[in-house]
Amino acid sequence: MDNQLAAFRHYVLTVVQARTTNPQHDYVSALIPAMAEAGIRDPMVLADTIILLFADAVENVDRGIASVVQSLLSNPDQFAALRGVPERTGAAIEEALRIESPAQAIARVARSDTEIHGTAIKQDSTVLLILGAANRDPAQFPAPDRFDIARPRQAYLSFGKGKHSCLGAQLAKAETEAAVAAFLAHAPNVRLVDDAPQWLARPGHRWLAHLRLAL
Ligand code: HEM
């Protein structure tokens, strides 16, 4: 674990300990008794849960909003199709989250020996599931690289799937929809300043380094 992450984990742990002895009117203080009710009292588990929520609930959403805007502005025909038809915002967001999934990969451990499409997977080995690739599977999404807000809705994997799928998916979509709707309403002449988007060099996430706009 790199030093910055270790230092941040230590900081969050000190906040958990402080709020355990002296609860305040805040999120961490509310989480502590809620987790205790579920039998979770280990302060390190609490700290890691808070870090997960912080990373997922804040950065994925912020960067996700930026890439929705980027997808819209770099596809002017689609942007034009959305303007004046606010009911399409939800579909446009789902399509943008499909094509540039903020979370690109999740990991699982095989519980037994198995085989997927002819590849043997040994029990206890780690398998990386590439959500970004699944979202562009041509068998599921015809012309998968095309950003098309009128695409018939299909299940996509940006929020994972199954038991551990994203707890905040509905919240994330609602936040993104509110942000994009406000943006469309208040920045009628917006355009991209950079033609080529610059993505952060992170294997697990598709996050823009920055999004330069002219208003
Ligand atoms: C665009 C925004 C978001 C994206 C792309 C995203 C993506 C994901 C993905 C792919 C997973 C599955 C992880 C896995 O299966 O290993 C996940 C899990 C999770 N997400 Fe999100 N997320 C987002 C926003 C949020 C928000 C807003 C919250 C909370 C308010 C949240 C809380 C969680 C939690 C707690 C889990 C773990 C669920 C579990 O393991 O049972 N996420 N997220």
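The values are calculated or read from the model by the stated rules, or taken from the named source; none is laboratory data. For clarity, every value in this text was computed on a predicted model and none was experimentally measured. Note that each Cβ is placed from the backbone with ideal geometry, even for glycine, and that neighbours are counted across all protein chains shown.
Listing for the model above:
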quantity	calculated
Selection status of Gly132, modelled with pLDDT under 95 and under 30 Å from Val58 (Cα atoms)	no
Single residue of the range 106-120 satisfying the filter (farther than 18 Å from Asn135 by Cβ and surrounded by 11 or more Cβ atoms within 10 Å (Cβ to Cβ)) that is nearest to the ligand (Cβ to nearest atom)	Ala110
Extreme residue, nearest to the ligand (Cβ to nearest atom), among residues of the range 124-144 that are of a type in the set (A, V, I, L, M, F, W, C) and either more than 24 Å from Leu73 (Cβ to Cβ) or in contact with a helix residue (DSSP H, G or I) (Cβ under 6 Å, 6 or more places away or on another chain) (or both)	Leu129
Some residue of the range 125-142 being of a type in the set (Gly, Ala, Ser) and over 22 Å from the mean Cα position of the chain (by Cα)	yes
Of all residues in the range 145-163 being near the ligand (Cβ under 7 Å from one of its atoms) and in contact (Cβ under 8 Å) with a residue 12 or more places away in the chain, the one that is surrounded by the fewest Cβ atoms within 10 Å (Cβ to Cβ)	Gly160
Considering residues of the range 172-186 that are free of Cβ contacts under 8 Å to residues at least 60 places away in the same chain and of a type in the set (Gly, Ala, Ser) only, the residue farthest from the ligand (Cβ to nearest atom)	Ala185
Single residue of the range 202-212 satisfying the filter (of a type outside the set (D, E, K, R) and surrounded by fewer than 16 Cβ atoms within 10 Å (Cβ to Cβ)) that is modelled with the lowest pLDDT	Pro203
Identity of the residue in the range 68-106, of a type in the set (Val, Ile, Thr) and outside any loop (DSSP other than H, G, I, E, B), that ends up farthest from Gly162 (Cα to Cα)	Val69
Among (1) among the small types (Gly, Ala, Ser); (2) surrounded by fewer than 17 Cβ atoms within 10 Å (Cβ to Cβ); (3) closer than 23 Å to Leu52 by Cα - the single one Ala139 does not satisfy	(3)
Residue check for Ala169: surrounded by fewer than 18 Cβ atoms within 10 Å (Cβ to Cβ) and either basic (Lys, Arg) or away from the ligand (no atom under 12 Å from the Cβ) (or both)	no
Residues located in the range 181-201, provided they are surrounded by 12 or more Cβ atoms within 10 Å (Cβ to Cβ) and over 15 Å from Asn75 (Cα atoms)	Ala181, Phe183, Ala187, Trp199
Pick from the range 69-105, criterion surrounded by fewer than 24 Cβ atoms within 10 Å (Cβ to Cβ) and among the basic types (Lys, Arg), ranking: nearest to the ligand (Cβ to nearest atom)	Arg88
Every residue from the range 20-38 that is part of a loop (DSSP other than H, G, I, E, B) and modelled with pLDDT of 95 or more	Asn22, Pro23, Gln24, His25
